[in-house]
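Heads up: the structure comes next, in structure tokens.
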Amino acid sequence: ESLHRADVSYNATVIALADAGATVEVERLPGFVPWSHWQLPEAAWADRKALLGSRLPVKFLEVDAGRNRMVVSHRRHAVQQRLDELSPGRLVSGRVAKLVPFGAVVRLADGLEGLLHVSQVSRLYVQNVSEVLTRGEELTCVVLKVDLADGSLALSTKMLESRPGEMLDDRAALLARSSQIEGRVELRQ
């Protein structure tokens, strides 16, 4: 609990793998890292068994001594390490890793994932993100928000549009233009 309160990173050892995540050892106690709180390069996801015995820097999400429960996050550590390059307005590139009813999960090159919410795809209304984006598609996005409490990353492509709907009807031009932008994009409502 003192490590949790101090909000420090800790090098944990991966001791078991499960469908929902992995068990790690923190100060001789078991902690759980949900897969959604890992930051792994694309290639590492294919062979998760290789993670057994490896050291992993984590930050704490929840410690409940009464319930003997500890949940930790590798993603929180990774986000904190990259705050300068992940600050709001910065451009990031990645691939659509997963389509969900409320948006798309975009995996950056180093494995960190961010959410491109359906409302942030275009300035025109998008009802179903799967009609606009495909799994594996490369995207450039603007970082909207970084939440250090849970390590989440909110992304936007609509901030790159020069006109409403450009992401829907002229994506190639939008992405080509965005690759030429250096620095930050001014965030607008």
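The values are calculated or read from the model by the stated rules, or taken from the named source; none is laboratory data. None of the values given here were measured: they were computed from a predicted structure. Note that we place each Cβ from the backbone using ideal geometry, even for glycine, and neighbour counts take in every protein chain shown. The accessibility values were calculated without ligands, DNA or RNA, using every heavy atom of the protein model including side chains. Shrake-Rupley method; radii C 1.70, N 1.55, O 1.52, S 1.80 Å.
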* Using a 1.4 Å probe, what is the accessible area per residue for segment 1-134, in Å²? -> 53
* Structure fact -> Ranking A78, S156, Y10 by how far each Cα lies towards the positive end of the charge dipole of the chain (+1 on Lys and Arg Cβ, -1 on Asp and Glu Cβ), the top one is Y10
* To do: Kindly write out, for segment 121-134 in residue order, the coupling ³J(HN,Hα) from the Karplus curve 6.51 cos²θ - 1.76 cosθ + 1.60 (θ = phi - 60°), rounded to whole Hz, with x marking Gly and Pro.
  => 6, 8, 6, 8, 4, 10, 7, 10, 4, 6, 7, 10, 10, 10
* Structure fact -> For the chain, the Cα convex hull volume per residue in Å³ comes to 132
* Which percent of the accessible area of segment 53-189 is formed by carbon and sulfur heavy atoms (probe 1.4 angstrom)? -> 48
* Using the Karplus equation 6.51 cos²θ - 1.76 cosθ + 1.60 (θ = phi - 60°), what ³J(HN,Hα) coupling, rounded to whole Hz, does each residue of segment 95-106 give in order, writing x for Gly and Pro? -> 10, 5, 8, 7, 9, 10, x, 9, x, 9, 8, 10
* Asked: Quick one: longest stretch of the chain between exposed loop GluC sites (Glu not before Pro), exposed meaning at most 16 other C-beta atoms within 10 Å and loop per DSSP?
  -> 28-84
* Structure fact -> Once the in-chain neighbours fewer than 8 apart are removed, the lysines whose Cα is under 27 Å from K145 read K59, K98, K158
* Structure fact -> Using the Kirkwood formula on alpha carbons, the hydrodynamic radius of segment 1-110 in angstrom works out to 15.1
* To do: Starting from the amide H of S9, placed 1.01 Å from N in the peptide plane, find each other amide H under 5 Å away whose residue is 5 or more places distant or on another chain.
  => none
* To do: With a 1.4 Å probe and all protein chains in place, put T157, T134 in order of accessible area, largest first.
  => T134, T157
